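Visitor: Questions regarding the structure given below will be posed in turn.
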Ligand code: ATP
Ligand code: MG
């Protein structure tokens, strides 16, 4: 059973019903007012005034049958006077009857024009619906061809709904904001999938190339065999890292990345990673600068991952022999912070706002073939934001980069204890 009902139809019915009640009420008022006026006039004529204490009644001539005849033979009695009012009542009722009939005709025939008038008032709403559909279909069709979809996004980016109707401004704004958000999320999703497939294509092509080479010459040439196996191992490691990173991002985006909060020493963690890095990487001079002993409540493996991402970058983008410093300290706002600074290639000032974007790599980083995928800092950002923290980046081209991460004061172990005591 189709339960959908026309909104214009329902509004018409309720409007007409309201109109009917108003007319009936007005007709009754006119009737009562006319009768009262007639009575006052009769009293004025016969008694020269209206005296509230006088008895008043309506009576009917004897022997009359039928309502119409009875009304015709009616009398208005006041004091010692009895005035026939049948002709007046007949006249009044006839007039009201005619007005009532005209009203009924107008009422019946106005259903259709009222319905269409209301429907016309809904036109801007329909316009909004049609435009929304148009924008949605133009944008979100063709998801199978991601590159075409991305191309389609930009020219449509400033299309918004506008009917010019003042009353619908709020609705238009809400829909436009929703469309903008959908567009942004669709664009970033499409770009992410496109970039991810692009990044996976390279190691797969390399592995395939070496596998083909091994199939042809590997059995007879030992050096080809060694080169092939090493390359395949490296590429599969890269691919493994990329897939792990993609999985982390996908899980974080879906809110399914679990977080285990525990108390640990941030200072110890920084000095541990710093000494490990100094041991593994003999090309750089590592300085571990632990200013305070800081205990925090956070996900230790996630914070470790963030420090690793920052120190890996420092290592990758700093020429051999230069200094890399890892720090743990409290800032002026009494927030626990850690920092990795290097004396490396630095980042172009126009690139700084983008370094946390997924798959972003500035040109010098690409040309140096450092082997990164451009996901490290976006993962670090997901982790830090999940902990309620923030980044500070200071970088100068050919001088170096300093990236500071600060967590909220509530992450401090003793802050939590104070909170627990208070509650
Ligand atoms: P991945 O970390 O996924 O292996 P990546 O290091 O290229 O790859 P991110 O860690 O996200 O990616 O860094 C993004 C970009 O920011 C880098 O490609 C580089 O251009 C720039 N960048 C980040 N840290 C530094 C740094 N310490 N010095 C110079 N440039 C940096
Ligand atoms: Mg990196």
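Visitor: Would you check if residue 403 is at pLDDT 95 or above, surrounded by 20 or more Cβ atoms within 10 Å (Cβ to Cβ), within 16 Å of ligand 2 (Cβ to nearest atom) and closer than 24 Å to residue 188 by Cβ?
Guide: Against the criterion (at pLDDT 95 or above, surrounded by 20 or more Cβ atoms within 10 Å (Cβ to Cβ), within 16 Å of ligand 2 (Cβ to nearest atom) and closer than 24 Å to residue 188 by Cβ), residue 403 qualifies.
Visitor: Could you tell me which residue of the stretch 296-323 is farthest from residue 270 (Cα to Cα), considering only residues that are within 11 Å of ligand 2 (Cβ to nearest atom) and without any contact (Cβ under 8 Å) to a residue 40 or more places away in the chain?
Guide: Applying the filter and picking the extreme gives 315.
Visitor: Now for a separate question. Specify which of the listed residues (243, 204) is in a helix (DSSP H, G or I), within 37 Å of the chain's Cα centre (by Cα) and either at negative phi or modelled with pLDDT under 90 (or both).
Guide: The match here is 243.
Visitor: Further question: Give me the pairs, please: first residue somewhere in the stretch 356-375 and farther than 14 Å from residue 196 by Cβ and more than 10 Å from ligand 2 (Cβ to nearest atom), second residue anywhere and outside any helix (DSSP H, G or I) and at pLDDT 90 or above, beta-carbon distance under 7 Å, and either six or more positions apart or on two chains.
Guide: 362/347; 362/348; 362/351; 364/345
Visitor: Sticking with this one: Failed condition for residue 344, given (1) in contact with a helix residue (DSSP H, G or I) (Cβ under 7 Å, 6 or more places away or on another chain); (2) within 19 Å of residue 242 (Cα to Cα); (3) crowded, with 19+ Cβ neighbours inside 10 Å, with all others met?
Guide: (2)
Visitor: Something else: Against the conditions (1) more than 7 Å from ligand 1 (Cβ to nearest atom); (2) crowded, with 16+ Cβ neighbours inside 10 Å; (3) part of a loop (DSSP other than H, G, I, E, B), where does residue 321 fall short? Just the number, please.
Guide: Going through (1) more than 7 Å from ligand 1 (Cβ to nearest atom); (2) crowded, with 16+ Cβ neighbours inside 10 Å; (3) part of a loop (DSSP other than H, G, I, E, B) one by one, residue 321 breaks only (2).
Visitor: So, in the stretch 324-345, exactly how many residues are assigned to a loop (DSSP other than H, G, I, E, B) and more than 14 Å from ligand 1 (Cβ to nearest atom)?
Guide: Total satisfying the criteria: 5.
Visitor: Inspect all residues belonging to the stretch 305-314 and state whether any of them is farther than 25 Å from residue 192 by Cβ, touching a strand residue (DSSP E or B) at 6+ places or on another chain (Cβ under 8 Å), part of a loop (DSSP other than H, G, I, E, B) and within 12 Å of ligand 1 (Cβ to nearest atom).
Guide: The answer is no; no qualifying residue exists.
The values are calculated or read from the model by the stated rules, or taken from the named source; none is laboratory data. Everything numeric here is computed off the predicted structure, so don't read it as measured data. A quick note on method: Cβ atoms are made from the backbone with ideal geometry, for glycine too, and the neighbour counts reach across all protein chains shown.
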